[in-house]
Amino acid sequence: MGRMLSKSGVPLILASMEQGHSEHHLLEQAPVKAVDADGVFVFALGTAVFAVASLVLAWQRPALVAAHQEWFLWTAIVATALGCAGLAFSLTRRRKGALALSRTDPDRP
């Protein structure tokens, strides 16, 4: 395998001499499907984690106030609220995508 530069200066790899000098870019996106295309699972999981953290921190609020660390509680509460907004957005996006798909493919439920 040799290292060369294309006309645009991008590094290339020569696949092999037997394959007729096929060129491939070093930075090529792998043909892998997205794990969670609409983000619902990620938003739901993050929101749940911060909601539990908010409850635990609220339970320990007197200790947080005594240590002047009450901002931990407010950060968890704000993160939970932002997670709820993100979850609503991703659920709306999923629903709109399903509607658009059903309009283009009438056989799909």
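If you check residue 64 against the conditions, is it touching a Phe, Trp or Tyr at 6+ places or on another chain (Cβ under 8 Å) and either of a type in the set (S, T, N, Q) or more than 23 Å from residue 45 (Cβ to Cβ) (or both)? Write out each step before concluding.
On the way: touching a Phe, Trp or Tyr at 6+ places or on another chain (Cβ under 8 Å): yes; either of a type in the set (S, T, N, Q) or more than 23 Å from residue 45 (Cβ to Cβ) (or both): yes.
So residue 64 fits the description; yes.
Would you pick out the residues in the range 60-108 that are outside any helix (DSSP H, G or I) and not basic (Lys, Arg)?
First, the residues of the range 60-108 that are outside any helix (DSSP H, G or I): 60, 67-70, 105-108.
Residues satisfying the conditions are 60, 67, 68, 69, 70, 105, 106, 107.
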| task | Would you point out the residue of the range 61-94, among those that are surrounded by 14 or more Cβ atoms within 10 Å (Cβ to Cβ) and of a type in the set (S, T, N, Q), that is farthest from residue 38 (Cα to Cα)? | result | 75
| said: Here are the criteria: (1) surrounded by 12 or more Cβ atoms within 10 Å (Cβ to Cβ); (2) modelled with pLDDT of 80 or more. Tell me which single one residue 10 does not satisfy. | reply: (2)
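The values are calculated or read from the model by the stated rules, or taken from the named source; none is laboratory data. Values in this document were obtained by computation on a predicted structure and should not be read as measured data. Positions of Cβ are generated from backbone atoms using ideal geometry, with glycine treated the same way; all protein chains shown enter the neighbour counts.
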